[in-house]
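Peer 1: My questions will all concern the structure given below.
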Amino acid sequence: MWLLSLLAASPEATAAGFQAKTMRAPLAAVEVERPLVIGKGWLEGSLGYEQKLADGAWSSSGEAVQWKSAQWLYTTERLGVRYGFTRSTEFYWDIPFHYARLKNDALGTDTEGFGIGEPKFGWKWEMFNRNIPTSSIVLDLQYKMPTGQETAGTYVGGPNTFSTIPMSTGQADLAMFLRGKRQFGPVALEGAVGWVNRFSGVSQFVVEVDQYQFSGRFKPGSEVRAELSPMVQLGPVALRGDLVYRRWFEAAVGTTAPGFFVDANLDPIAGSDGWAVDAGWGLVMNINRGLDILATASVPLRGEDLLFFPLESISPTRGLTLSTSVELRY
């Protein structure tokens, strides 16, 4: 009887419905105190929207160029998932969709397209953590899948006959970042350095005009990236700034070589290397531990010419980017 009484008095280790789960790791109520991983037992879903309206580009020397009659609208509708496996590890998935429209009143052209972009999934491992104040160092491994549309239509009638907009480079990326966060009272500083290794892939937008072939092997230049983000917490709102530096190397194009070394026949594309700097600002509104609302804006400070336009991931245009998202977690 005493054993039955003990079992009846013992609390459950799980929760029913939408009650808090007892196996979850603690989560700070405000952004400035949160580490770079979500924590054990937390499941987060997010919906986001991002829009860029560009009316200019960059010259080969990095100078701003204003378009006379062209406008480029590029939007991203994003679905994200994060899950904390343990106190120090997290799995995440990002699935983007894109709507793009290119108008040129002088030429009388109006081309648009919609489709899935290039999903990314990754794994974070928190190598160091300390609370009060928060200190967090994370190793972030990320893989990009080339699932989006990679054709730009027919080329037989010339470039003006393009009827679709490609949403993918047609190749995969494998990236590794080292991220860190340090809190100083109501202020925090986040930073990251990383390497994005871009593999080659057969893409349908690689065109040989003399043979009217669409497919070819394409390898964008691999990339070094550095990020810096200061943050200040004002009640339930965190204000932040963002500075992003990118340096990429020469891309290459050609045909597939037989055997294991498929890139042997690729030729470097002269002038395809370069660097860029973007600056941004935004806010995070911490409604409660289960709901956040984010809004950000970013502008390019320096870029390179649009060698691979309209592939925004490797040849971004010059324009203001606005984004907002909602994060729900349980």
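Peer 1: Say a site is exposed when it is one of the GluC sites (Glu not before Pro), sits in a DSSP loop, and has at most 13 other Cβ atoms within 10 Å; what is then the longest site-free stretch of the chain?
Peer 2: Value returned for the longest uninterrupted segment is 64-330.
Peer 1: Of all the accessible heavy-atom surface of the chain, with the other protein chains kept in place and a 1.4 Å probe, what percent is carbon and sulfur?
Peer 2: Carbon and sulfur atoms account for 65 percent of the accessible area of the chain.
Peer 1: Once you have the Cα-Cα distance between Leu322 and Ala29, take 0.36 nm times their residue separation minus that, and quote the gain in nm to one decimal. Don't skip to the answer; put the middle values down first.
Peer 2: Working: separation 293, 0.36 × 293 = 105.48 nm, distance 2.58 nm.
Roughly 102.9 nm would be gained on extension.
Peer 1: What share of all Cα pairs of the stretch 213-258, in percent, falls into each consecutive 5 Å distance bin?
Peer 2: Taking all Cα pairs of the stretch 213-258, the binned fractions are 5, 14, 14, 12, 11, 9, 9, 8, 7, 6, 4, 2, 0 percent.
Peer 1: Which value, in Å to one decimal place, does the Kirkwood hydrodynamic radius take for the chain when every pair of different Cα atoms is included?
Peer 2: Evaluated on the chain, it is 22.2 Å.
Peer 1: A further question on this structure: On full extension of the chain, what length is gained from Met127 through Leu301, given 0.36 nm per residue of separation minus the C-alpha to C-alpha distance?
Peer 2: That pair, Met127 and Leu301, stretches by 59.3 nm at full extension.
Peer 1: In addition: Top to bottom by accessible area (1.4 Å), largest first, where do Trp275, Trp248, Trp281 land?
Peer 2: Largest to smallest exposure gives the sequence Trp281, Trp275, Trp248.
Peer 1: Could you check the spin-label model distance between Asn197 and Leu228? Points 7 Å from the Cα along Cα→Cβ, value in nm.
Peer 2: Taking the simple label geometry, Asn197 and Leu228 are separated by 2.9 nm.
Peer 1: What does a probe at Ile287 reach in the stretch 28-65, counting residues whose amide N is under 13 Å from the point 7 Å along Cα→Cβ?
Peer 2: 45-47
Peer 1: While we're on this one: Using a 1.4 angstrom probe on the protein heavy atoms only, could you order Asp140, Asp278, Asp110, Asp105 from most to least accessible area? Write out the running numbers ahead of the final one.
Peer 2: Working: Asp140 5, Asp278 60, Asp110 80, Asp105 120 Å².
Highest to lowest solvent-accessible surface, that is Asp105, Asp110, Asp278, Asp140.
Peer 1: Using the heavy atoms of the protein chains and a 1.4 angstrom probe, tell me the accessible area per residue for the chain in square angstrom.
Peer 2: Per residue, the chain has an accessible area of 53 Å².
Peer 1: A further question follows. Taking R0 as 41 Å, what FRET efficiency do you get between Met176 and Ser69 from their Cβ-Cβ distance, rounded to the nearest 0.05?
Peer 2: Taking R0 as 41 Å, the efficiency between Met176 and Ser69 is 0.45.
The values are calculated or read from the model by the stated rules, or taken from the named source; none is laboratory data. Fair warning: this is a prediction, and the values are worked out from it, not measured in the lab. All Cβ positions, even for glycine, are placed from backbone atoms using ideal geometry, and neighbour counts span all protein chains on display. SASA here: full protein model, heavy atoms, side chains in, ligands and nucleic acids out. Shrake-Rupley method; radii C 1.70, N 1.55, O 1.52, S 1.80 Å.
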